[in-house]
Amino acid sequence: MHLRCILRAAAAAAARKTLKPSQKPFLIIPTIPKFSPLSPLSSFYSSKSSSAASKSKAKAKSKGKSAKETSTAIKDDDAFPGTEDLDAEDADPEDLSNVADPPPPIDRTLDVGPKGLPLFATTRSIAELGRKDACTYMDFSLADLIAVLAEGLPSGMKREFKETRRSALLVRQNFLDLRDNFRRIVDPPLHNKGVKVRKQIVLDGPVSCGKSIALAMLVHWARSEGWLVLYVPQGKEWTHGGFFYKHPDTGLWDTPIQAAKILQDFLKFNKSRLEQLKCQCYDPIPLGEGAGLGWMKGADSMAMPEGSSLFDLIQTGLTYTHAAVGVVVRLRKELSMVKDVPVLIAIDQYNSWFTFSDYQEPVTPRSCRPIHARELSTVNAYRSMMNGDMMVGAFSHSTAVGKLRKDLPDVPLDARINFPRYSLDEAATVCHYYLRQRVIRPDAFSEEKWKKIYYLSNGNGSEMRWLVPFM
């Protein structure tokens, strides 16, 4: 690096000496884009991108590109995937190009778990999973997962697929209990043995214990059963980035760019279902300030025609940016009144709605007040669990929110459930699966070694996946 800097300085000095007096060096003047004036001073733009991982994603892509260029001479079909890239951050978790759907089984003797039990479940439907399938892996079609979870796959799921080169997930008893809880609400058993059901659940637990993956599997199951599911895989995006302003009528802060993204994501999988559901509330929708457009002249509300569907309501919010926030708030009310199909609201990174957002309000010329997430119109409409709607929120401790108190506002006292890390039996299945996928070398695998890794990582799934190649 120092030699390169010396060579560049020498080349620049030589160029200055050879430059004739009549020749003038070129000066590159950057072009400054023209900005259209925004209307009120109460409107602001967040300096951060709406995606918190945009910088890290670009960094990972650049690293991956350079690594690919320097390693083209090495090709080994028998290489172990766990030894190719020991640092998960150096690989792009968004890239699933090396993941293939599971091929038809050729040699079933390889699919052996601990104590000679089957390693994979015999069914490929989450609805058919039973207690006998706990501590086994279930194969998924990657194309089907991307289609059903159109809003996005959890980052932990992407890393698991990428490093094992197979789209399979561990079936855990905690997930089966979560699924059965909501199944009993919609289809109560004839003989209820006193099992308590909860319509509102908050998944809490340590880092990398599988909360986001369990929530995504629950959404996959509910949609395969025909439910209407509002799935938010990154709740923190509701509180970060984009245009924001304070609505004079509500006193809350509106984020029209984020509201449009919410409506677009909700349409990705639910479009056909929303076209069949009619609106139940026809009160005028309040209009706000459009992103970069100011206020709409001569109108402060918009009415939906009689007989409109929920799809028409969402299209209104996407067509008119002034109505985007009002439509998102109205959609929450409409979802509570749907009776034709079960409705589930699933929010990942739910804990980011109980702390301060990325936005700030100027108080004096030299100071700003941080805006709490509850002051945002969209979060204020969807955060509360004090209702009769089915709702699941998952905490994400990778968002640096911090530890929250046990009794959260707008959340029932008994809604919080601790989601544990891997048990010893689950860790045994996981290590045998990594052995099957050649993340672990067969000659280095032993029960003593995988147990050491389990106790060293304390059952943390990400740490175990990172440590097993060192076995």
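Structure values in brief
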read-out: The stretch 277-336: number of residues that are at positive phi, assigned to a loop (DSSP other than H, G, I, E, B) and in contact with a Ser or Thr (Cβ under 7 Å, 6 or more places away or on another chain); value: 1
read-out: Residue list for the stretch 446-471, restricted to those being open to solvent by 20 Å² or more (accessible area, probe 1.4 Å) and small (Gly, Ala, Ser); value: Ser446, Ser462
read-out: Filter result (of a type outside the set (A, V, I, L, M) and at pLDDT 90 or above) within the stretch 387-408; value: Asp389, Gly393, Phe395
read-out: Which listed residue, of Glu275, Glu306, is over 30 Å from the mean Cα position of the chain (by Cα), open to solvent by 60 Å² or more (accessible area, probe 1.4 Å), without any contact (Cβ under 8 Å) to a residue 40 or more places away in the chain and within 30 Å of Asp340 (Cα to Cα); value: Glu306
read-out: Pairs, first within 23 Å of Asp348 (Cα to Cα) and touching a residue at least 40 places away in the same chain (Cβ under 8 Å) in the stretch 239-261, second of a type in the set (Gly, Ala, Ser) and in a strand (DSSP E or B), C-beta under 7 Å, six or more apart; value: Thr239/Ser357; His240/Ser357; Phe243/Ser43; Pro256/Gly290
read-out: Residue within the stretch 255-269 that is assigned to a helix (DSSP H, G or I), surrounded by 13 or more Cβ atoms within 10 Å (Cβ to Cβ) and small (Gly, Ala, Ser) present; value: yes
read-out: Residue check, Leu313 without any contact (Cβ under 8 Å) to a residue 40 or more places away in the chain, closer than 28 Å to Ala373 by Cα and surrounded by 15 or more Cβ atoms within 10 Å (Cβ to Cβ); value: yes
read-out: Residues within the stretch 409-445 that are open to solvent by less than 20 Å² (accessible area, probe 1.4 Å) and part of a loop (DSSP other than H, G, I, E, B), tallied; value: 5
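The values are calculated or read from the model by the stated rules, or taken from the named source; none is laboratory data. Everything numeric here is computed off the predicted structure, so don't read it as measured data. Every residue, glycine among them, receives a Cβ derived from its backbone with ideal geometry; neighbour counts consider all protein chains shown. Side chains included, ligands, DNA and RNA excluded: accessible areas come from the protein's heavy atoms. Shrake-Rupley method; radii C 1.70, N 1.55, O 1.52, S 1.80 Å.
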